[in-house]
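First comes the structure, then the notes that go with it.
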């Protein structure tokens, strides 16, 4: 049945669209699937049921997983905001776009030479919308409404980049955190009361967009500002989780996922809509009880040393992912096949029939892998991972083997709580090979036991370096 659905999804729309009646008039075309991408900010792998077992309920994500498929080996190439979002939007690695790290205000952001997912779908005749955090440029010509989205609202960079930042207020006090709607500044300077409403506002815009575009194909991108610190939720969720503010925030995000899926169902669109839910990277563990959890660092109250955002360890670059598409995916599936945000643009383009951009991209169509097609093989030899502009290694072997090149990384030595960040020190990792299938915590370097595998992955790494970082040696570079 899964193979039959794949054949129908990939080939029937194109076949029907090309059929002509005897008089030369085209017959009615099938409607291509809608696409919804919900992209969280700093959510931990285990922040939702059924990935983890948090102390608060997340029934809507659980329902989406029950009706779709849960992917346990989904990766982002860099565990930092702007770089991760650039990969999602363009299907290009940070080494190609040169979008590294997290851009502060007044940075140009993503170059216009790289087409965004919004532009790809709008060129395909889709209505497009982006409601949430953009963080790919806040200058004219680089904002979300300039990059392929018909309707927009939200913030142009992270919600902590404002004058109320607890660290270095002289620096952050230079800028107000503005709220934009459709190319205009709607709120010149967000307050704490405004931030409480961000998740609700994005959700209301998303539901309204679905209601108004039920009769035409659409692409809806909802990049939530939460659970990035500082944490805020609307009054209707304050104290509701019984698990602190982080739990309240996650319950509101879960509610948002539910409202978007219910709007699709109400309008009769659920069957023919691809809904993707994932996060830009892992949790910002420096913030303690205001950060999420991964399964690689122990119980909720323990602090993993390097298992978080801003590192290329598993807790930073492996994100929970759920995809729901009743017309093309069997419900209730669980997949450990590896794929990445870099693949979403070409994959969604293939399923919808959209043309890929003219610029070169790095992602591949991995729909056979996503749909569980028998014999499907990921077309990538490896996936690279970076921190800032530093290339740090590769993952290969369908996600089993991970090679770290020598590089520094940050280790938290003092945890923060209640909105205050902790303290890091820098440590170094040497050339290391990890068997993620048996050691997802990356504790046991097995390079001496598997020299042939290490040599193969080093060759992949050198090829990637020569293509994207020819001016540096393997593993060198500076973080931005």
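In this calculation the C-beta distance from residue 170 to residue 420 is compared with R0 = 22 Å, giving a FRET efficiency of 0.75. Decide, for segment 31-370, between rounded, prolate and oblate: order the square roots of the alpha carbon gyration tensor eigenvalues as a ≥ b ≥ c, take rounded if a/c falls under 1.5, and otherwise choose prolate if a/b is larger than b/c, else oblate. It comes out rounded by the Cα gyration axes.
The sum of -39500 (n - 2.57) across all DSSP H runs of n ≥ 4, divided by the residue count of the chain, sets its helix-only mean residue ellipticity at 222 nm to -8000 deg cm²/dmol.
Shown for 285, 266: other C-beta atoms within 10 Å of each C-beta, ranked fewest to most, produce the order 266, 285. Applying 1/(1 + (r/R0)^6) with r as the Cβ-Cβ distance of residue 443 and residue 398 and R0 = 22 angstrom yields a FRET efficiency of 0.55. State whether segment 146-280 is rounded, prolate or oblate according to the following rule on the C-alpha gyration tensor (a ≥ b ≥ c being the square roots of its eigenvalues): a/c under 1.5 gives rounded; otherwise a/b larger than b/c gives prolate, and the remaining case gives oblate. The shape class here is oblate. Averaging Cα coordinates gives a centre for segment 299-378 and one for segment 58-94; these two points are 6 Å apart.
By the gyration tensor of its Cα atoms, with a ≥ b ≥ c the square roots of the eigenvalues, what is the shape of segment 130-204: rounded for a/c under 1.5, prolate for a/b over b/c, or oblate?
Oblate.
Neighbour counts of other Cβ atoms within 10 Å put 144, 432 in the fewest-to-most order 432, 144. Each residue in 103, 407, 194 was given a count of other beta-carbon atoms within 10 angstrom of its own, and listing them fewest first yields 194, 407, 103.
What is the gain in length, in nm to one decimal, between residue 182 and residue 428 on full extension, counting 0.36 nm per residue of separation less the C-alpha to C-alpha distance?
Using 0.36 nm per residue and subtracting the Cα-Cα distance, I get 84.0 nm.
Any chance you could check the Cα centroid distance between segment 199-242 and segment 442-460 for me, in angstrom? Here the two parts' Cα centres lie 43 Å apart.
Laboratory data are not the source of any read-out in this text; all were calculated from the coordinates shown. Fair warning: this is a prediction, and the values are worked out from it, not measured in the lab. No Cβ is skipped: glycine too gets one built from the backbone with ideal geometry, and neighbour counts run over all protein chains shown.
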